[in-house]
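Read through the structure below, which is laid out as structure tokens, and then see the notes.
The values are calculated or read from the model by the stated rules, or taken from the named source; none is laboratory data. Worth saying up front: this structure is predicted, and the values here are computed from it rather than measured. All Cβ positions, glycine included, derive from the backbone under ideal geometry; neighbour counts span all protein chains shown.
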Amino acid sequence: KNEVEQSPQNLTAQEGEFITINCSYSVGISALHWLQQHPGGGIVSLFMLSSGKKKHGRLIATINIQEKHSSLHITASHPRDSAVYICAVRSGGATNKLIFGTGTLLAVQP
Amino acid sequence: KAGVTQTPRYLIKTRGQQVTLSCSPISGHRSVSWYQQTPGQGLQFLFEYFSETQRNKGNFPGRFSGRQFSNSRSEMNVSTLELGDSALYLCASSFGRSSYEQYFGPGTRLTVT
């Protein structure tokens, strides 16, 4: 079983829909990252959080440390949101490395 | 501030050769991490450097090595290339270790033939 699980793996939405991507992890962490990767490879960090909730524009990220679960929400989705969204956790302690989920491929249709 | 830069962006090598990839972090950032991305394995951690010292290493064979210079620039080297080393190699820099945001470079796409 992967240490970081994302769901769904693929998601197709209509423009304007509310989107949720989930991430569950099984290791102790010091932080959780949500990343966005467009075709061509470039990765952009969307959020880094260790507790609670963060909001940036139409994006909202939440984390529940007790349940080892995080969600990324996109409100009023737009075709330009089409990308792969990757959840990554920074393992705590001596290992201190990023462990990645397999990503969620999002396609927003106009 | 200029972002993270990686050179070269694309590289084609032959099996058995060696390759060196370079990463220049954002000015002021002292931590550089390297990642490998393949369609089959996804993103995997290679190693992390901070203040010229390797702080962590992922589960990769000894053919993969790296170093960091006093100006925080980092290089990674892969010796005796195998077909399976074909991948996108990404580096990311951050101000410090642990709970600091990571800024990714555009990656170097390595093809081994």
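Give A:LEU49, A:LEU72 a once-over and let me know the one that is within 23 Å of B:TYR100 (Cα to Cα), surrounded by 13 or more Cβ atoms within 10 Å (Cβ to Cβ) and at pLDDT below 95. Spell out the reasoning first.
On the way: A:LEU72 fails: at pLDDT below 95.
Result of the check over A:LEU49, A:LEU72: A:LEU49.
Within segment A:82-102, is there a residue that is away from chain B (no Cβ under 14 Å) and surrounded by fewer than 21 Cβ atoms within 10 Å (Cβ to Cβ)? Checked segment A:82-102: at least one residue is away from chain B (no Cβ under 14 Å) and surrounded by fewer than 21 Cβ atoms within 10 Å (Cβ to Cβ). Of all residues in segment A:27-50, those being free of Cβ contacts under 8 Å to residues at least 12 places away in the same chain and either of a type in the set (Val, Ile, Thr) or in a strand (DSSP E or B) (or both) number 1. Would a scan of segment B:83-101 turn up a residue that is more than 26 Å from A:SER50 (Cβ to Cβ), surrounded by 14 or more Cβ atoms within 10 Å (Cβ to Cβ), within 14 Å of chain A (Cβ to nearest Cβ) and in contact (Cβ under 8 Å) with a residue 60 or more places away in the chain? So far as segment B:83-101 goes, yes, one or more of its residues are more than 26 Å from A:SER50 (Cβ to Cβ), surrounded by 14 or more Cβ atoms within 10 Å (Cβ to Cβ), within 14 Å of chain A (Cβ to nearest Cβ) and in contact (Cβ under 8 Å) with a residue 60 or more places away in the chain.
Given the options B:ARG109, B:ARG63, B:ARG55, B:ARG67, name the one that is at pLDDT 95 or above and more than 22 Å from B:THR14 (Cα to Cα). Spell out the reasoning first.
Working: B:ARG109 fails: more than 22 Å from B:THR14 (Cα to Cα); B:ARG63 fails: more than 22 Å from B:THR14 (Cα to Cα); B:ARG55 fails: at pLDDT 95 or above.
On inspection, the qualifying residue turns out to be B:ARG67.
Only one entry in A:SER77, A:SER24 is of a type in the set (Ser, Thr, Tyr) and part of a strand (DSSP E or B), namely A:SER24. Taking residues in segment B:35-56 that are closer than 15 Å to A:LYS97 by Cβ and facing chain A (nearest Cβ under 10 Å), and partners anywhere that are part of a strand (DSSP E or B) and of a type in the set (Asp, Glu), the pairs with Cβ atoms closer than 9 Å and at least 6 places apart or on different chains are B:ARG55/B:GLU48; B:ASN56/B:GLU48. Does B:SER79 count as in contact with a Lys or Arg (Cβ under 9 Å, 6 or more places away or on another chain) and surrounded by fewer than 21 Cβ atoms within 10 Å (Cβ to Cβ)? Criteria met by B:SER79.
For A:ILE43, the criteria (1) out of contact with any Ser or Thr (no Cβ under 6 Å at 6 or more places or on another chain); (2) modelled with pLDDT of 95 or more; (3) closer than 15 Å to B:GLY42 by Cβ hold in every case but one, which is (2). What number of residues within segment B:1-19 are surrounded by fewer than 15 Cβ atoms within 10 Å (Cβ to Cβ) and either of a type in the set (Lys, Arg) or at pLDDT 95 or above (or both)? Result for segment B:1-19: 11. The set of residues from segment A:1-21 being surrounded by 14 or more Cβ atoms within 10 Å (Cβ to Cβ), part of a loop (DSSP other than H, G, I, E, B) and modelled with pLDDT of 95 or more comprises just one member, A:GLU17.
Among the residues of segment A:18-57, those that are at negative phi, out of contact with any strand residue (DSSP E or B) (no Cβ under 6 Å at 6 or more places or on another chain) and either away from chain B (no Cβ under 14 Å) or of a type outside the set (S, T, N, Q) (or both) comprise A:PHE18, A:SER26, A:GLY28, A:PRO39, A:GLY42, A:LYS55, A:HIS56.
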